[in-house]
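Written below as structure tokens is the structure these notes are about.
The values are calculated or read from the model by the stated rules, or taken from the named source; none is laboratory data. Quantities reported herein were computed from a predicted structural model and do not represent experimental measurements. Note: ideal-geometry Cβ built from the backbone for every residue, glycine included; neighbour counts use all protein chains shown. Note: areas computed on protein heavy atoms with side chains; ligands, DNA, RNA excluded. Shrake-Rupley method; radii C 1.70, N 1.55, O 1.52, S 1.80 Å.
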Amino acid sequence: MIPIYQTSTYVQAAPGQHKGYEYARSQNPTRKALEEAYAIIENGQFGLAFSSGVAATDAVIKLLQPGDEVIAASDMYGGTYRLFTKIFEKFGIKFHYVNMQDVKNIKPLINSHTKLIWTETPTNPLMNITDIAAVAALAKGTEILVCVDNTFASPYLQNPLDFGADIVLHSATKYLGGHSDVIQGCLVMNNAELREKLYFIQKSCGAVPGPMDCFLVLRGIKTLHVRMKQHCENGSIIARWLRNHPKVGKVYWCGFEDHPGYQVAKKQMRDFGGMMSFTLKDDSEETARKLLSSTKLFSLAESLGGVESLINHPASMTHASIPREERIKNGLTDSLIRLSVGIEDADDLIEDLNQAIG
């Protein structure tokens, strides 16, 4: 096992003569091992670990200058939207939000100030799919970077660098850690110059994870493949069961053959994962809240990607930072329920949902 180097500084043989480590904000052997693992599982050359997924996002935006423009997906994690609108807009960076399910929507927004295209696929929480290769093709031959938030898929299901993305981001808190016991984020890239710029931001701004957290994610990565197989199997069972339930309205899961993004998902993903959301035919927030408080195996909590199943109300929890009119416009209703299907027995999970739906 990689040791936990629980140290903040390192002895030097002489001033400026060290063995590759001088101060733990800049380098730590446990973190280095994890960053190498991040690169390997995403088919990349370089990995960087951050104290959270949002800290990793923050580092990418700090590559930009006032006056630069970002084209971002209109359907994305609420914390990313909050960071863009409440923090970085104040510094003169302009963000355009667009439906990226049709890549043609992106092209009219590209201009000489565009420096970054930001997308996530599948999206949180509506499970929309973006064609990574098509987005990368738009940026090819320009100075525009393409960053893909790959948290929902995990590297086991999808590797955006293989489709032309410049940067892959993960909230490693989720599937990579896998046990709901660590907060962490990461970036993976192939370009050495880009790595140096992001490493400088990581070191200078200091949003680095501690060695114990790095150890926990290293441990989590070792079981990623077996966990993801079970997440996918259970996800398929639960999604199809929900769709056949008489009280359930719409089920959002990219593994359905009639899902608008199914063909793209099939092309760029190895399976369809355990994330989904749904509405009830009694499409009221009150009915949804009653269900959310009635499950016994599904824990009502934010986050996702752990071995245990979680149920979530995006409108009041993970996406509360997005103004209601924006949420509704993008299809995220007050009654939407999100599931992170864990690796428990599928029949037990169905029984729990069945009694909660009533």
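If I histogram all Cα-Cα distances within segment 70-120 using bins 5 Å wide from 0, what percent of pairs lands in each bin? Bins of 5 Å from zero give 5, 20, 33, 24, 15, 4 percent of pairs.
Given their separation in residues at 0.36 nm each and the Cα-Cα distance between them, LYS281 and ASP258 gain 6.3 nm when the chain is fully extended. Counting only the Cα atoms, segment 42-162 fills a convex hull of 107 Å³ per residue.
Across all directions, the average flat footprint of the convex hull enclosing the Cα atoms of segment 1-47 is 3.9 nm². For segment 155-292, treating each Cα as an identical point scatterer without solvent, what Debye log10 I(q)/I(0) comes out at q = 0.12, 0.20, 0.21 1/Å? The Debye formula, applied to the Cα set alone, gives -0.67, -1.22, -1.26. Over all orientations, segment 308-358 has a Cα convex hull whose mean projected area works out to 4.1 square nanometres.
Gyration tensor over the Cα atoms of segment 263-335: the corresponding equivalent ellipsoid has semi-axes (square roots of 5 times the eigenvalues, largest first) of 22, 18, 12 Å. Other residues with beta-carbon under 15 Å from the beta-carbon of SER284 carry, at +1 per Lys or Arg and -1 per Asp or Glu, a net charge of 0. The value obtained for segment 152-203, namely the Cα convex hull volume divided by the number of residues, is 75 Å³ per residue.
The Cα trace of segment 94-144 gives Rg and Dmax of 10.9, 32 Å, the first to one decimal, the second as a whole number. Extension gain, LYS290 to ARG25, is 90.8 nm, computed as 0.36 nm per intervening residue step minus the present C-alpha separation.
Once the convex hull of all Cα atoms in segment 24-99 is built, its volume per residue stands at 120 Å³. Carbon-plus-sulfur accessible fraction, segment 32-173 (probe radius 1.4 Å, protein heavy atoms only): 52%.
Divided by 2.2 N^0.38 Å, where N counts the residues, the Cα radius of gyration of segment 250-292 comes to 1.46.
Computed packing ranks the peptides 82-91, 300-309 as 300-309, 82-91, most packed first, by mean other Cβ atoms within 10 Å. Converting the Cα gyration tensor eigenvalues of segment 214-285 into ellipsoid dimensions via √(5λ) gives semi-axes, longest first, of 28, 16, 11 Å. The coefficient of translational diffusion for the chain, derived via Stokes-Einstein from the alpha carbon Kirkwood radius under 37 °C and 0.692 mPa s, stands at 157 µm²/s. Scaled against 2.2 N^0.38 Å for its residue count N, the alpha carbon radius of gyration of segment 176-251 is 1.64.
Diffusion of segment 116-197 by Stokes-Einstein, at 10 °C in a medium of 1.306 mPa s and with Rh set to the Kirkwood radius over alpha-carbon pairs, works out to 120 µm²/s.
The Rg/Rh ratio for segment 218-358, using Cα coordinates for both the radius of gyration and the Kirkwood hydrodynamic radius, is 0.96. Between the Cα long axis of helix 192-205 and the first principal axis of the chain there is an angle of about 90°, rounded to the nearest 10.
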